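The values are calculated or read from the model by the stated rules, or taken from the named source; none is laboratory data. All of these numbers come straight from a predicted model, not from anything done at the bench. Because the Cβ atoms are built from the backbone with ideal geometry, glycine has one as well, and the counts that use them run over all protein chains shown.
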Amino acid sequence: MTYVMAIDQGTTSSRAILFDEGLAIAAVAQKEFPQHYPASGWVEHDPEDLWSTVVETAKEAMDKVGATASDIAAIGITNQRETTVVWDKTTGKALHNAIVWQDRRTADFCASMKDEHEALVTDVTGLLFDPYFSSTKLKWILDQVEGSRARAANGEVLFGTVDSYLIWRLTGGAAHVTDATNAARTMLYDIRKGAWSSRICELLDVPMAMLPEVKDCAAEFGTTEVFGGTIPVLGVAGDQQAATVGNACFKPGMLKSTYGTGCFALLNTGDTPVASTNRLLTTIGYQLDGKPTYALEGSIFIAGAVVQWLRDGLKIIGHAGETQSMAEASDPDQPVVIVPAFTGLGAPYWNPDCRGAVFGLSRNSGPDEFARAALESVGYQTRDLLEAMRADLASDGEAVLRVDGGMTASDWTMQFLSDILGAPVDRPEVLETTALGAAWLAGMKAGVYPDAGGFAKSWALERRFEPSMEDAARETKYARWKKAVAATMSV
């Protein structure tokens with residue numbers, strides 16, 4: 001049996017999934033690792049934890065089906081984006097813990113640079129001057145670790161997003177590479193020219209010698225001997241772009257949204273990078289055969305994490321699955337609204353300083369109403385993104401949203417999402433679309449899987465949710481949400 005291995009290195013765990021020749025899942029292994037919070041708003045990972053859990057899960061998945069290295073045609077990697085690693089080229093030892101995409105330590109620096117430099121950053125990179133992205137995290141490490149900037153200029157110290165770091169370790173230091181989707185999230189990459197921007201690097205005092213080579217999403221990234229034989233790494237994409245590929249969103253206008261810790265919606269805009277006037281991000285959706293396909297992206301920082309808050313913070317649920325029955329049992333006359341701005345608000349607001357709030361409480365409000373409001377907050381935030389995308393494209397056309405991620409298992413949540421959007425929501429048979437996208441990229445390059453057209457034909461729908469809410473009710477609920485957001489940001 002021939003397999004393709006997808007390494008899915010996420011924010012809280014690493015997973016390895018083996019796909020067979022028909023793109024069916026043959027084995028899965030997953031391992032969590034610690035999160036580190038050294039100060040308020042700071043989030044870090046030990047890079048050794050990322051590496052060790054990747055190796056452990058890959059070997060475990062292979063053992064489950066008795067596979068050896070000769071049975072693995074290729075490896076595809078998908079990863080948490082923007083998370084920043086800097087390491088010694090000779091020893092491989094990281095100079096500092098990885099700074100995670102959620103980390104806000106550079107917020108003050110970003111705020112000081114916005115007025116003068118954000119227009120340049122947006123024009124070149126498609127991004128906003130925000131601590132979310134890799135570049136200011138990288139600058140912080142270079143500023144804090146004595147001598148690191150000079151060593152980086154001499155090629156002794158390397159930078160990478162998590163994919164780049166893993167490939168460097170997998171190849172024994174032979175390959176310092178990344179793909180176009182991860183490069184596009186660093187706030188250092190010119191997405192139109194397809195090259196690192198010397199202007200942005202100079203602005204942030206980042207030595208260009210430490211940056212990886214940028215490749216297509218399906219390319220030869222190197223080979224690894226870690227798993228007992230030679231296996232090529234042939235596919236790489238950041239997690240949200242990999243989910244876009246896994247959902248077969250290959251045509252302009254196709255839209256996907258992934259619901260995990262946060263929520264990320266990407267709209268395929270084809271070969272045209274659409275400049276947003278509604279504070280969405282212009283990014284690279286994927287790049288094949290040297291040709292980038294662009295996307296508009298909206299990022300919601302808190303999606304599934306609001307359910308975790310109900311469980312771990314309020315302790316009103318024991319597990320996430322309880323929220324559906326609680327929402328169904330809630331009192332519809334209790335209009336509780338939760339704005340889950342625990343780490344600020346993402347697109348289209350980009351307010352890092354506001355914090356979460358609850359509105360509409362009465363004496364009769366209880367756990368059921370909180371559960372419903374938590375699930376509804378994800379739908380409301382998704383509509384915020386869709387409204388911004390429609391405005392950027394000057395289109396009111398009906399969009400069909402393809403969804404994936406853990407929250408999509410909830411029928412109630414998906415029905416509310418369709419209702420509040422006033423648009424169909426398609427849930428695929430394979431919910432592991434992030435890993436599927438990485439596997440398809442690698443397997444297609446290896447000749448195991450069909451091209452994009454053939455892959456798109458194989459995409460299978462599990463269920464379509466159609467809107468059933470009356471227009472007046474939809475707009476009343478959404479207006480209540482907008483009022484709550486405005487009040488949250490005014491504090």
If we keep just the residues of the stretch 356-380 that are free of Cβ contacts under 8 Å to residues at least 40 places away in the same chain and part of a loop (DSSP other than H, G, I, E, B), which is surrounded by the fewest Cβ atoms within 10 Å (Cβ to Cβ)?
Arg363
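For the condition closer than 20 Å to Leu266 by Cα, in contact with a Phe, Trp or Tyr (Cβ under 9 Å, 6 or more places away or on another chain) and either surrounded by fewer than 24 Cβ atoms within 10 Å (Cβ to Cβ) or without any contact (Cβ under 8 Å) to a residue 24 or more places away in the chain (or both), what is the one hit in Arg383, Arg390? Let's see the steps before the verdict.
Numbers: Arg390 fails: in contact with a Phe, Trp or Tyr (Cβ under 9 Å, 6 or more places away or on another chain).
The unique qualifying residue is Arg383.
Mind listing whichever residues of the stretch 427-472 are among the aliphatic types (A, V, I, L, M) and buried (at least 22 other Cβ atoms within 10 Å of the Cβ)?
Going through the stretch 427-472, the residues among the aliphatic types (A, V, I, L, M) turn out to be 430-431, 435-436, 438-439, 441-442, 444, 446, 448, 452, 456, 460-461, 469, 472.
If the condition is that a residue be among the aliphatic types (A, V, I, L, M) and buried (at least 22 other Cβ atoms within 10 Å of the Cβ), then Ala435, Leu436, Ala438, Ala439, Leu441, Ala442, Met444 are the ones that fit.
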Strands (runs of 3 or more DSSP E) completely within the stretch 274-354 that count 2 or more residues being within 21 Å of Thr12 (Cβ to Cβ) and not assigned by TED's automatic domain parsing to the domain that holds Gln80:
291-300
Give the residue that is farthest from the chain's Cα centre (by Cα), with candidates limited to residues of the stretch 3-30 that are part of a strand (DSSP E or B) and of a type outside the set (A, V, I, L, M).
Tyr3
Please specify each residue of the stretch 196-215 satisfying the condition of being among the charged types (D, E, K, R) and surrounded by 18 or more Cβ atoms within 10 Å (Cβ to Cβ).
Lys215
I'd like the full set of residues that are in a helix (DSSP H, G or I) and either in contact with a strand residue (DSSP E or B) (Cβ under 9 Å, 6 or more places away or on another chain) or at pLDDT below 90 (or both), limited to the stretch 381-394.
Gln381, Thr382, Asp384, Leu385, Leu386, Glu387, Ala388, Met389, Arg390, Ala391, Asp392, Leu393
Result of the Cβ filter at 7 Å on the stretch 57-74, keeping first residues that are touching a residue at least 40 places away in the same chain (Cβ under 8 Å) and under 20 Å from Lys445 (Cβ atoms) and partners that are surrounded by 15 or more Cβ atoms within 10 Å (Cβ to Cβ) and among the charged types (D, E, K, R), at least 6 apart or interchain, is Ala74/Lys445
Is it the case, given these coordinates, that Thr181 is within 15 Å of Gln241 (Cβ to Cβ), in contact (Cβ under 8 Å) with a residue 40 or more places away in the chain and among the β-branched types (Val, Ile, Thr)?
yes
Please go through the stretch 333-355 and pick out each residue that is among the β-branched types (Val, Ile, Thr) and either without any contact (Cβ under 8 Å) to a residue 60 or more places away in the chain or out of contact with any Phe, Trp or Tyr (no Cβ under 6 Å at 6 or more places or on another chain) (or both).
Val336, Ile338, Val339
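Would you pick out the residues in the stretch 236-264 that are assigned to a strand (DSSP E or B), within 9 Å of the chain's Cα centre (by Cα) and not β-branched (Val, Ile, Thr)? Talk me through it step by step, then tell me what you get.
Going residue by residue through the stretch 236-264, those that are assigned to a strand (DSSP E or B) are 236-238, 255-259, 263-264.
Filter once more, so that each one left must be within 9 Å of the chain's Cα centre (by Cα): 238, 258, 263-264.
Scanning the stretch 236-264 gives Gly238, Cys263, Phe264.
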Exactly one of Lys457, Lys445 is without any contact (Cβ under 8 Å) to a residue 40 or more places away in the chain, closer than 30 Å to Met5 by Cα and basic (Lys, Arg), and that one is Lys457
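How about the stretch 284-300: which of its residues are within 22 Å of Pro131 (Cα to Cα) and small (Gly, Ala, Ser)?
In the first step, residues of the stretch 284-300 are kept if they are within 22 Å of Pro131 (Cα to Cα); the result is 284-285, 295-300.
Listed by number, the residues that qualify are Gly285, Ala295, Gly298, Ser299.
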Kindly provide the set of residues from the stretch 50-62 that are under 22 Å from the mean Cα position of the chain (by Cα) and over 16 Å from Val86 (Cβ atoms), ordered by number.
Ser52, Thr53, Val54, Val55, Thr57, Ala58
Out of all the residues in the stretch 338-358, is one or more closer than 16 Å to Phe301 by Cβ, of a type in the set (Val, Ile, Thr) and more than 18 Å from the chain's Cα centre (by Cα)?
yes
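Go through the stretch 329-349 and report how many residues are closer than 19 Å to Thr261 by Cα and touching a strand residue (DSSP E or B) at 6+ places or on another chain (Cβ under 8 Å). Steps first, answer last, please.
Going residue by residue through the stretch 329-349, those that are closer than 19 Å to Thr261 by Cα are 338-349.
Still in the running and touching a strand residue (DSSP E or B) at 6+ places or on another chain (Cβ under 8 Å): 338-339, 341, 344-348.
Matching residues across the stretch 329-349 total 8.
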For the stretch 216-233, indicate whether the set of residues that are surrounded by 20 or more Cβ atoms within 10 Å (Cβ to Cβ), touching a residue at least 24 places away in the same chain (Cβ under 8 Å) and not in a strand (DSSP E or B) is non-empty.
yes
Take the residues in the stretch 277-294 that are under 13 Å from Ala347 (Cβ atoms) and either hydroxyl-bearing (Ser, Thr, Tyr) or buried (at least 23 other Cβ atoms within 10 Å of the Cβ) (or both), then tell me which one is modelled with the lowest pLDDT.
Thr277
